[in-house]
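Values in this text are rule-based calculations from the coordinates and carry no lab data. It should be emphasised that the depicted structure is a prediction, and the values quoted were computed from it without experimental measurement. Cβ sites come from the backbone with ideal geometry, for glycine too, and all protein chains shown count toward neighbours.
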Amino acid sequence: MRSELSSGPGRLLVTLYGVFAVGATSRAIYQLSTQYDEAPLAYVLSAVAAAIYVVILIAFVRGGERARKLALALCAVELAGVLGIGTWTLVEPSAFPDQTVWSDYGIGYLFLPVIVPVIGLWWLSRQRKPEPGREPASPA
Amino acid sequence: MYEPLTIALAVAALALGAWCALAAFRDQPAKDWHYIGMGVVTALALGQLIVGVVRLAGGDDPEQGTGLFVAYLIGATLTVPAAGFMSLTERSRWGSATAAAGGIVLAVLQVRLYDIWGAAGA
């Protein structure tokens with residue numbers, strides 16, 4: 001855990017993404033393998049969410065500029081996903097016989113699926129390395 | 001499963017979460033006493049794991065499925081130790097916030113465990 005992305009506030013984020021990754025992945029495997037026919041759309045979307053969480057987690061742990069950019073892009077996808085699917089589940093509940101991780105903006109998970117990517121975007125965008133020869137822009 | 005233990009564990013996990021969140025709010029790292037608190041909550045969670053396994057072995061059948069119940073039971077046991085481990089090498093308010101998150105997640109897992117066990121007999 002030496003990555004600069006997972007220190008400071010990043011430590012809280014990497015822990016939450018760890019919980020999400022384990023929780024969403026096991027849930028997706030369980031649902032896809034035992035009850036796929038009940039709500040295929042919901043379960044496939046939950047699996048997509050799980051995959052995104054896993055990749056973000058790995059990027060946080062590895063660190064570095066490429067991992068930071070990847071995590072930044074995936075946090076944006078995650079936020080778009082939870083907002084888009086959250087709205088979709090409210091507008092057309094009949095398409096979703098069962099809940100997804102992102103249903104109703106993540107209400108089943110204390111709204112963390114919508115809060116955490118916002119904190120993630122904030123934290124990751126602050127971690128950009130200053131370009132060589134330039135002073136950091138932030139005041140003391 | 002054993003309702004008083006589930007409730008005690010949920011309350012203890014929430015108290016741990018609030019206590020560690022207070023340290024984070026005061027800009028303090030998690031201290032020895034916080035880790036002792038995590039140990040107490042983990043001991044309760046281990047007790048719950050044992051009670052759960054004994055009840056399953058005794059023929060009880062969780063309402064929403066044995067596999068799901070066991071998965072949540074194991075997850076609940078590991079939550080606070082995992083968060084505590086993550087906070088160990090982050091000696092700042094953010095380590096405390098990480099430990100607080102572990103307590104809150106465990107409290108939520110207790111609610112899920114209660115639902116999954118359902119009417120199989122409190």
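Summary of computed values
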{"read-out": "Enumeration of residues in the stretch B:91-102 that are farther than 19 Å from B:V41 by Cβ, facing another protein chain (nearest Cβ under 7 Å) and in contact with a helix residue (DSSP H, G or I) (Cβ under 7 Å, 6 or more places away or on another chain)", "value": "B:W94"}
{"read-out": "Residue list for the stretch B:42-71, filter: assigned to a helix (DSSP H, G or I) and of a type outside the set (A, V, I, L, M, F, W, C)", "value": "B:T42, B:G47, B:Q48, B:G52, B:R55, B:T66, B:G67"}
{"read-out": "Test result for B:G47, surrounded by fewer than 16 Cβ atoms within 10 Å (Cβ to Cβ) and in contact (Cβ under 8 Å) with a residue 24 or more places away in the chain", "value": "yes"}
{"read-out": "Scope the stretch B:8-36; condition in contact with a Gly (Cβ under 9 Å, 6 or more places away or on another chain) and of a type outside the set (A, V, I, L, M, F, W, C); matching residues", "value": "B:G17, B:P29, B:H34, B:Y35"}
{"read-out": "Options A:V61, A:V14, A:V55, A:V22; residue that is more than 27 Å from B:L73 (Cβ to Cβ) and of a type in the set (A, V, I, L, M)", "value": "A:V55"}
{"read-out": "One residue from A:S33, A:S7, A:S3 being touching a helix residue (DSSP H, G or I) at 6+ places or on another chain (Cβ under 9 Å), free of Cβ contacts under 8 Å to residues at least 60 places away in the same chain and either within 14 Å of another protein chain (Cβ to nearest Cβ) or surrounded by 19 or more Cβ atoms within 10 Å (Cβ to Cβ) (or both)", "value": "A:S7"}
{"read-out": "Matching option when the condition is of a type in the set (A, V, I, L, M, F, W, C) and outside any helix (DSSP H, G or I), among B:A30, B:A18", "value": "B:A30"}
{"read-out": "Check on A:R62, under 23 Å from B:A101 (Cα atoms) and over 15 Å from the mean Cα position of the chain (by Cα)", "value": "yes"}
{"read-out": "Members of the stretch B:50-85 that are over 14 Å from B:C20 (Cα atoms), small (G, A, S), in contact (Cβ under 8 Å) with a residue 12 or more places away in the chain and in contact with a Phe, Trp or Tyr (Cβ under 8 Å, 6 or more places away or on another chain)", "value": "B:G52"}
{"read-out": "Condition met for B:L78 (surrounded by fewer than 19 Cβ atoms within 10 Å (Cβ to Cβ), within 11 Å of chain A (Cβ to nearest Cβ) and either β-branched (V, I, T) or within 25 Å of A:Y30 (Cβ to Cβ) (or both))", "value": "yes"}
{"read-out": "Selection within the stretch A:71-108 - in contact (Cβ under 8 Å) with a residue 60 or more places away in the chain and either among the acidic types (D, E) or within 18 Å of A:A28 (Cβ to Cβ) (or both)", "value": "A:D98, A:V101, A:S103"}
{"read-out": "Test: residue in the stretch A:63-77 that is closer than 26 Å to B:Y72 by Cα and small (G, A, S)", "value": "no"}
{"read-out": "Filter result for B:G39 (in a helix (DSSP H, G or I), surrounded by fewer than 18 Cβ atoms within 10 Å (Cβ to Cβ) and more than 11 Å from chain A (Cβ to nearest Cβ))", "value": "yes"}
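For every residue, the table says whether it meets (1) away from chain A (no Cβ under 14 Å); (2) out of contact with any Ser or Thr (no Cβ under 6 Å at 6 or more places or on another chain); (3) among the basic types (K, R).
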residue	(1), (2), (3)
B:L49	yes, no, no
B:R55	yes, yes, yes
B:G58	yes, yes, no
B:L68	no, yes, no
